[in-house]
Amino acid sequence: MSRIGKHGLVYGGGIILSKAVAFIMLPVYTHYLTPADYGLLQLVDMVLEVASIVAGSRLGAGIFRYYHKANTPGKRRAVLSTALIVLVTSYATAATAILVFAPTISRVAFGSPEQVTLVRIGGLSLAFESLLLVPFAYLRLRDKSLFYVGVTTAKLVLQVSLNIVFVVALRLGAQGVLLSTLVANLLVGAALTIYVLKGVGLRLSGSAARDLLRFGIPFVGTQVATFIMTFGDRYFLRLDSDATTVGLYGLAYQFGFLLAQLGELPFSLVWEPARFEIANRPDRDELYSRAFIYFSIVLLTIGVLITLFVGDFLRIVAAPAFLPAGRLVPIILIAYVLQSWTVMHNIGMQVQERTEYYTLANWVGALVALAGYALLIPRLLGLGAALATVASFGVREWMVYALSQRLWPVHYRWTPVIRLSLLAISVGVVALLLPRFTVLWSLAARAILLAAYFGALWHIGVLSEDERLAIRRLLREPGLVLAAVTRAT
């Protein structure tokens, strides 16, 4: 658990830095892009998500499993090299299909053939994205957390700089954002691929390829279902409204992604490879349970922070046309807490290699989502899409938890998590009921609510006495955190 925490701090710091830069740029984007431009970008993302599913992006999930199962350094290198060859080839094939069929894709996704250029730029960007997948897994497997954060930060700085050129200086709109991503993927991906090849060589192993395909192909069905739950609402919104509505919803959804990136991603970057090691330990239940409680504290605290301050944040930095997006954010955050819990609770399916059950749970969730989109979006538009997302993510979490427990039981302590969830919801509801103050008074009122949340968190039995003593020690000696990060790197 200490290794997970140490590297999680590094990953978390890097992600916080990257999101800080992205949000500093938000005033620029919201003044040089319209809600309709945001909508177009959301629809391009939808197209690229479909293409990545077809290309087999989840084949990379097997890298961690078979890297740890390999019993010699040569076999481990073969797993990485084979994964690189397979993924680059499959992504290049998918990108070629996008380039060839761009007019048809534009008509289906956008309702007109006018966005062919956006589709083709996105397709090229997807091809170069494949150069990043295995190198990032390689860095995580080697616990190179500082290197990982340095590379992702450099990519972000490059991408933001290019956005300033393409979007602000050249006024290319949505096309400029996509061009920035394309160039950043190409340059950083090429450099990382060379680095990995120097470390593992270039070798295609038939047995490694079969293992990766066997492990990853069931995830394709899962990804289709996940796509329906995550991106299908954009298509229904486009059918029932316009690109502006899609753009506002997409901006609100970014705060759900923000919760996942700040709360789930740093943890998962270390937890995904480590949880298979923990599975063989006699104290696995205690470790999984503690991880779930700590994970939930981080997730729900970030969710409370976003809920409290998102409205004022948008009032300060965004153009007035984007302000309605803030009303949808709390609902989307609930969905992403449930999504993050699912990532934690699928361990039984992973250990027993019964990923077909994960596919089943995702498809049930997708059917719930489709029903919700059809019933709610025509009546409520963005609000209907958000409610349908919560329902589908909730059903999936329940099924994943129940099926995993049947396959490979883990004793989780739910009482602290339920108390924490009720506290977070209560604070969020009070925040939503506050009258509309000026920005300064609103920030002050919400800061008081945040202080009340932390005070209640300390006293409602979420943390044990030993854990509270450890926190007091860290607060008295913050250098301990820096020392832990230094040892992790």
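The values are calculated or read from the model by the stated rules, or taken from the named source; none is laboratory data. Model, not experiment: these values are computed from the prediction. Cβ sites come from the backbone with ideal geometry, for glycine too, and all protein chains shown count toward neighbours.
What pairs come up if the first residue lies in segment 152-164 and is assigned by TED's automatic domain parsing to the domain that holds Ala174, the second is outside any helix (DSSP H, G or I) and at pLDDT below 90, and their beta carbons are under 8 Å apart, counting only those six or more places apart or on different chains?
Val160/Met25; Asn163/Met25
Would you pick out the residues in segment 97-113 that are in a helix (DSSP H, G or I), within 16 Å of Leu239 (Cα to Cα) and among the hydroxyl-bearing types (Ser, Thr, Tyr)?
Ser106
Condition (residue is in the same structural domain as Trp271 (by TED's automatic domain parsing), in contact with a Gly (Cβ under 6 Å, 6 or more places away or on another chain), closer than 14 Å to Gly256 by Cα and at pLDDT 95 or above) applied to segment 314-327: is it met by at least one residue?
no
Residue under question is Val116, and the condition is that it be hydrophobic (A, V, I, L, M, F, W, C), farther than 17 Å from Ile217 by Cβ and either modelled with pLDDT under 90 or assigned to a helix (DSSP H, G or I) (or both); does it hold?
yes
Collect the residues in segment 219-231 that are surrounded by 22 or more Cβ atoms within 10 Å (Cβ to Cβ), modelled with pLDDT of 85 or more and not hydroxyl-bearing (Ser, Thr, Tyr), keeping them in residue-number order.
Ala225, Met229, listed by residue number.
What's the number of the condition Arg436 fails, among (1) farther than 20 Å from Arg290 by Cβ; (2) part of a helix (DSSP H, G or I)?
(2)
Look through Val368, Val427 and report the one residue that is at pLDDT 95 or above and under 20 Å from Leu300 (Cβ atoms).
That would be Val427, the only listed residue that is at pLDDT 95 or above and under 20 Å from Leu300 (Cβ atoms).
Given the conditions (1) of a type outside the set (S, T, N, Q); (2) surrounded by fewer than 15 Cβ atoms within 10 Å (Cβ to Cβ); (3) touching an Asp or Glu at 6+ places or on another chain (Cβ under 9 Å); (4) not in a loop (DSSP other than H, G, I, E, B), which single one is not true for Ala452?
So Ala452 meets the others, but not (3).
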